[in-house]
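The values are calculated or read from the model by the stated rules, or taken from the named source; none is laboratory data. Because the structure is a prediction, the values reported are computed rather than measured. Positions of Cβ are backbone-derived with ideal geometry, glycine not excepted, and every protein chain shown enters the neighbour counts. SASA here: full protein model, heavy atoms, side chains in, ligands and nucleic acids out. Shrake-Rupley method; radii C 1.70, N 1.55, O 1.52, S 1.80 Å.
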Amino acid sequence: MVSERQQAAGKVAAFNLTEAGFGDGSDLLDDDGRERRTGTLVTASAHIITAVIGSGVLSLAWAIAQLGWVIGPVVLLAFSAITWFCSSLLADCYRAPPGPGQGKRNYTYGQAVRSYLGESKYRLCSLAQYVNLVGVTIGYTITTAISMGAIKRSNCFHSRGHGADCEASNTTNMIIFAGIQILLSQLPNFHKLWWLSIVAAVMSLAYSSIGLGLSIAKIAGGVHVKTSLTGAAVGVDVTAAEKVWKTFQSLGDIAFAYTYSNVLIEIQDTLRSSPPENVVMKKASFIGVSTTTAFYMLCGVLGYAAFGSDAPGNFLTGFGFYDPFWLIDVGNVCIAVHLVGAYQVFCQPIYQFVEAWARGRWPDCAFLHAELAVVAGSSFTASPFRLVWRTAYVVLTALVATVFPFFNDFLGLIGAVSFWPLTVYFPIQMYMAQAKTRRFSPAWTWMNVLSYACLFVSLLAAAGSVQGLVKDLKGYKPLFKVS
């Protein structure tokens, strides 16, 4: 059912639309009394590609180098299939009970969990989801700053030689990135971000293509590198202990590369109600995951073929390539532009959660509810509360990123910790609750086997990432420069 507050808001909106000459206004509102959603298969696919193809693609050559020609591609395909399958289950949980135009809408991932699994599971889900979202936004701040710094270093290497001491500070770049995010964060919700996601999706495909092209060029140049069926060789490239830890860590990097389920419901909430949202979202998930997997496979496999066991952790900022320097610069510009959009995709659920909680907690506070017209006659409004709270969040994430710039291990840990609960466990549990799956039935058995297998892999990945973080912390220096 629609709440009394939503019904009242809908009536006010309908009255205003009627006064403006739009009939009775009902045709511009959805069944929940909110402004009619206009999202389509194209915009949803763009949101997904923006969310999935992120900084994770840049480390896949390194991950394949640890796993080798056999296990590496198999693991990539396995994560892809699991992500798509569980996303399809999650798409059916947007309405409770499911059905086109019938059930109550769940506006967030957490609301879907509460509708199907109860309050206690909702709290566990919210903890996992928001820790993940905060971690991703911090990681994207770090990645963007490194890419911006890589442009300066690339030009320096070009003018002074590959052996030159070229350094770039991340701090200034993080401040610039934070300033851009403060402006974009004033957009009230996902519905206003469709254009940003399409631009970001194009950028993600662009820098992935540049990485692919550079890898192909290096392979075609006849450079011979060492590769193997099992990855980095024990006793030659790594010790036995390093082989184990790096193998586990590579699982975390791949898991992080497929992080998007935690914003799927929010993306689905942008879709128009006809055709049914779950049908469109399943198609969008298939398009998004298939597209990203194709790029992931090409980037990982060709990157490994180009660099072998010496594949850098980030093949566009780790300077596995030096020339053509201008193309490397373009690739890093595309990374920065993409992550500007991806940051918004991941932080919007945080914004909406805090704002909804605050307005529900203090319903009579004028500061929390005020919406001021920026330009007379414009539909865009500014909120004092939104300005203060969202600015504070962006500044805080930039500060943490500046003080703790451990990108690979940090995001590997976030990916490992969040993949099982958010991508696998809760979607499976909601599906079984929705379908009233009988205990010990074939469907119940194999879904639980899948869930526990993913839990085991996530624990291994988390262990590898923690070991990498501990190793990084030994040489930790606050506000250090990337060289």
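Mind checking which residues of region 19-70 are of a type in the set (V, I, T), at pLDDT 80 or above and surrounded by 17 or more Cβ atoms within 10 Å (Cβ to Cβ)?
Passing the criteria: T43, I48, I64.
Quick one: count up the residues across region 455-483 that are farther than 21 Å from L422 by Cβ and modelled with pLDDT of 85 or more.
So the answer is 1.
Would you point out which residue out of L133, L117 is modelled with pLDDT under 85, within 15 Å of L422 (Cα to Cα) and surrounded by 14 or more Cβ atoms within 10 Å (Cβ to Cβ)? Explain how you work it out, then say what you get.
Details: L117 fails: modelled with pLDDT under 85.
Going through L133, L117 in turn, just one is modelled with pLDDT under 85, within 15 Å of L422 (Cα to Cα) and surrounded by 14 or more Cβ atoms within 10 Å (Cβ to Cβ): L133.
Of all residues in region 71-95, which are open to solvent by 20 Å² or more (accessible area, probe 1.4 Å), aliphatic (A, V, I, L, M), under 20 Å from K282 (Cβ atoms) and in contact (Cβ under 8 Å) with a residue 24 or more places away in the chain?
L77, I82
Looking only at region 244-258, decide whether some residue is open to solvent by 40 Å² or more (accessible area, probe 1.4 Å), of a type in the set (S, T, N, Q) and at negative phi.
Residues of region 244-258 open to solvent by 40 Å² or more (accessible area, probe 1.4 Å): 244-246, 248.
Then drop every residue that is not of a type in the set (S, T, N, Q), which leaves none.
No, that holds for no residue.
Restricting to region 222-239, count the residues that are more than 33 Å from the chain's Cα centre (by Cα) and open to solvent by less than 60 Å² (accessible area, probe 1.4 Å).
Number of matching residues: 1.
Of (1) more than 24 Å from F85 (Cβ to Cβ); (2) under 27 Å from the mean Cα position of the chain (by Cα); (3) not in a loop (DSSP other than H, G, I, E, B), P188 satisfies all except one. Which?
The failed condition is (3).
Report, by residue number, each residue of region 157-169 that is modelled with pLDDT under 80 and not aliphatic (A, V, I, L, M).
Here is the first cut: in region 157-169, the ones modelled with pLDDT under 80 are 158, 161-169.
H158, G161, H162, G163, D165, C166, E167, S169 - these are the residues of region 157-169 that are modelled with pLDDT under 80 and not aliphatic (A, V, I, L, M).
Take K218 and tell me if it is among the charged types (D, E, K, R), part of a helix (DSSP H, G or I), under 23 Å from C299 (Cβ atoms) and open to solvent by 50 Å² or more (accessible area, probe 1.4 Å). Quick ask: steps written out before the conclusion?
Values: among the charged types (D, E, K, R): yes; part of a helix (DSSP H, G or I): yes; under 23 Å from C299 (Cβ atoms): yes; open to solvent by 50 Å² or more (accessible area, probe 1.4 Å): yes.
When the stated conditions are applied, K218 passes them.
Within region 150-182, how many residues turn out to be of a type in the set (K, R), open to solvent by 30 Å² or more (accessible area, probe 1.4 Å) and under 22 Å from F404 (Cα atoms)?
We begin by selecting, within region 150-182, every residue of a type in the set (K, R); these are 152-153, 160.
Adding the requirement that they be open to solvent by 30 Å² or more (accessible area, probe 1.4 Å) leaves 152, 160.
With the extra rule that they be under 22 Å from F404 (Cα atoms), the set shrinks to 152.
Selection size over region 150-182: 1.
Of (1) over 26 Å from G110 (Cα atoms); (2) open to solvent by less than 60 Å² (accessible area, probe 1.4 Å); (3) free of Cβ contacts under 8 Å to residues at least 40 places away in the same chain, L399 satisfies all except one. Which?
(2)
Can we say S185 is hydroxyl-bearing (S, T, Y), open to solvent by less than 10 Å² (accessible area, probe 1.4 Å) and modelled with pLDDT of 85 or more?
Numbers: hydroxyl-bearing (S, T, Y): yes; open to solvent by less than 10 Å² (accessible area, probe 1.4 Å): yes; modelled with pLDDT of 85 or more: yes.
Yes, satisfied.
Taking region 234-253 on its own, how many of its residues are assigned to a loop (DSSP other than H, G, I, E, B) and at pLDDT below 85? First the steps, then the outcome.
Narrowing region 234-253 to residues assigned to a loop (DSSP other than H, G, I, E, B): 235-237, 239.
Pick out the ones that are also at pLDDT below 85 and you get 235-237.
Going through region 234-253 one residue at a time, the tally reaches 3.
Residues checked against (1) assigned to a helix (DSSP H, G or I); (2) in contact with a helix residue (DSSP H, G or I) (Cβ under 9 Å, 6 or more places away or on another chain):
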{"site": "V225", "(1), (2)": "no, yes"}
{"site": "L229", "(1), (2)": "no, yes"}
{"site": "N262", "(1), (2)": "yes, yes"}
{"site": "E266", "(1), (2)": "yes, yes"}
{"site": "S273", "(1), (2)": "no, no"}
{"site": "V280", "(1), (2)": "yes, yes"}
{"site": "F286", "(1), (2)": "yes, yes"}
{"site": "L298", "(1), (2)": "yes, yes"}
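Listed here are the residues, each with its yes/no results for (1) in contact with a strand residue (DSSP E or B) (Cβ under 9 Å, 6 or more places away or on another chain); (2) open to solvent by less than 10 Å² (accessible area, probe 1.4 Å); (3) within 30 Å of T143 (Cβ to Cβ); (4) without any contact (Cβ under 8 Å) to a residue 40 or more places away in the chain.
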site	(1), (2), (3), (4)
F410	no, no, yes, no
G415	no, yes, yes, no
P421	no, no, yes, no
P427	no, yes, yes, no
Y431	no, no, no, no
A435	no, no, no, yes
F440	no, no, no, yes
V449	no, no, no, yes
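For C86, indicate whether it is touching a Lys or Arg at 6+ places or on another chain (Cβ under 9 Å) and modelled with pLDDT of 85 or more.
Details: touching a Lys or Arg at 6+ places or on another chain (Cβ under 9 Å): no; modelled with pLDDT of 85 or more: yes.
It is false that C86 is touching a Lys or Arg at 6+ places or on another chain (Cβ under 9 Å) and modelled with pLDDT of 85 or more.
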